[in-house]
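Worksheet for the structure shown next.
The values are calculated or read from the model by the stated rules, or taken from the named source; none is laboratory data. Keep in mind the model is a prediction, meaning the values are calculated, not measured. No Cβ is skipped: glycine too gets one built from the backbone with ideal geometry, and neighbour counts run over all protein chains shown. SASA here: full protein model, heavy atoms, side chains in, ligands and nucleic acids out. Shrake-Rupley method; radii C 1.70, N 1.55, O 1.52, S 1.80 Å.
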Amino acid sequence: MMQFLDDSLLPQNQHKLVITAAPYGPQWMPEDFAEDIPLTFEDQVQKAVDCYNAGATVLHFHAREMDGHGSKRMSFFNELIAEIRTRVPDMIIQVGGSISFAPENDEEGAEAKWLSDEARHMLADLNPSPEQVTIAVNTTQMNIMDLMDPKELGDTTLFHPAMYQAYREMVVPAGPQWVEEHIRRLTGAGIQPHFQLTCMPDMETVERLVRRGLYKGPLNLTWVGIGGGFDGPNPNNFIEFIRRAPDGSTVTLESLMGHCLPINTIAIAMGMHVRCGIEDNIYNTKGDKMGSVAQIDQLVRISRELGREIANGEEARQIYRIGVQYNSTEETLAKLGMAPNRKPGQRALPLRYAA
């Protein structure tokens with residue numbers, strides 16, 4: 001369990017802040033925020049550059065076709081990743097494991113859904129490989145409309161009845177067989193899974209994956225507090241998540257719309273990491289549209305006011321242990337600060353640090 005000492009809230013004793021930017025917003029259409037939703041190839045690349053220059057060292061990546069809909073073409077993913085890597089080589093590219101959950105069109109009956117299991121496995125074959133791919137654990141309802149206020153929807157395409165219903169009924173498919181196979185393929189390709197977890201049962205599932213030797217590597221965790229089948233933005237939820245996270249893991253807090261800023265501010269103060277961008281929120285506290293770079297600028301200012309420095313690309317790679325895998329279950333448990341597995345016949349709780 002993650003421990004806090006008397007001096008753990010002092011910024012000089014915390015990791016530098018890793019900011020994840022999610023600037024592509026596949027649930028929105030370009031007309032929803034034309035000033036900030038990149039559409040052309042060059043604009044999508046430039047958005048990554050702008051986010052990095054503002055202070056984000058992790059890029060949560062989706063791709064968009066010229067018709068405005070999310071891309072599902074692996075060849076296009078490859079082209080974009082290659083160019084982004086050329087332009088910002090130190091940035092951690094984190095491909096969204098959903099590929100694109102946006103409906104193919106906004107007509108009645110269009111579904112917002114993740115692609116087939118095999119299509120998502122293809123993310124392990126991206127070339128060049130991203131540093132990370134996000135991975136969901138346990139099949140879950142993902143009703144992103146649950147916490148959306150009608151005023152926030154305004155005249156956006158999400159307000160259209162067909163789109164609203166499509167996203168309201170969306171489900172994340174992530175059963176045990178798929179999760180185990182996806183981890184095997186990603187780690188086999190040298191790609192680090194970044195676990196997107198919706199609640200404590202997901203965390204417990206990840207611990208079982210580690211204890212059973214099905215995952216041997218660093219644990220980078222994101223608590224996704226967006227309601228609608230996931231935890232809601234109640235501080236008790238993410239505090240318990242942080243408390244139960246292994247000492248050797250990293251925790252990023254993610255939420256939705258107006259909840260993002262207060263939760264990110266708490267994350268900064270507690271020594272956790274943050275995510276922002278138009279995939280999570282498109283408004284400032286006054287209700288005006290706010291783009292991804294402006295959101296990064298805001299978190300940089302807050303963090304510096306609190307005395308916590310911002311990680312650069314190399315530092316973020318060290319914090320996330322990019323490129324690291326472990327050789328055994330025992331080594332993994334030790335590196336993560338978790339108690340060892342119980343030996344046959346052993347009673348009482350195995351100690352992490354035996355005398």
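Scanning the stretch 66-92 for residues that are within 28 Å of L158 (Cβ to Cβ) and surrounded by 14 or more Cβ atoms within 10 Å (Cβ to Cβ) gives G68, H69, G70, S71, K72, M74, F76, F77, L80, I81, I84.
Of all the criteria given as (1) open to solvent by 10 Å² or more (accessible area, probe 1.4 Å); (2) assigned to a loop (DSSP other than H, G, I, E, B); (3) in contact with a strand residue (DSSP E or B) (Cβ under 8 Å, 6 or more places away or on another chain), the one not satisfied by I99 is (1). Given the structure, is A245 farther than 23 Å from D155 by Cβ, over 15 Å from the mean Cα position of the chain (by Cα), modelled with pLDDT of 95 or more and surrounded by fewer than 20 Cβ atoms within 10 Å (Cβ to Cβ)? For A245, the condition - farther than 23 Å from D155 by Cβ, over 15 Å from the mean Cα position of the chain (by Cα), modelled with pLDDT of 95 or more and surrounded by fewer than 20 Cβ atoms within 10 Å (Cβ to Cβ) - is not met. Within the stretch 14-32, being over 16 Å from I242 (Cβ atoms) and polar (S, T, N, Q) holds for T20, Q27. A residue that is in a loop (DSSP other than H, G, I, E, B), polar (S, T, N, Q) and open to solvent by 10 Å² or more (accessible area, probe 1.4 Å) occurs somewhere in the stretch 40-56. Residue count for the stretch 305-320 satisfying the condition of being open to solvent by 90 Å² or more (accessible area, probe 1.4 Å) and within 21 Å of Q94 (Cβ to Cβ): 2. Since T187 meets every condition but one in (1) in contact with a helix residue (DSSP H, G or I) (Cβ under 8 Å, 6 or more places away or on another chain); (2) modelled with pLDDT of 95 or more; (3) open to solvent by 10 Å² or more (accessible area, probe 1.4 Å), which condition does it not meet? Result: T187 fails condition (1) only.
What are the residues in the stretch 321-355 that are open to solvent by 90 Å² or more (accessible area, probe 1.4 Å) and farther than 28 Å from D90 by Cβ, if any? Matches in the stretch 321-355: E330, R342, K343, P344, R347, L349, L351, Y353, A355. Close contacts from the stretch 314-330, counting a first residue that is within 20 Å of R85 (Cα to Cα) and a second that is in a helix (DSSP H, G or I) and open to solvent by less than 40 Å² (accessible area, probe 1.4 Å), with Cβ to Cβ under 9 Å and a gap of 6+ residues or different chains, come to I322/A316. For the stretch 1-23, a tally of residues being part of a loop (DSSP other than H, G, I, E, B) and either open to solvent by 10 Å² or more (accessible area, probe 1.4 Å) or in contact with a Ser or Thr (Cβ under 7 Å, 6 or more places away or on another chain) (or both) returns 15.
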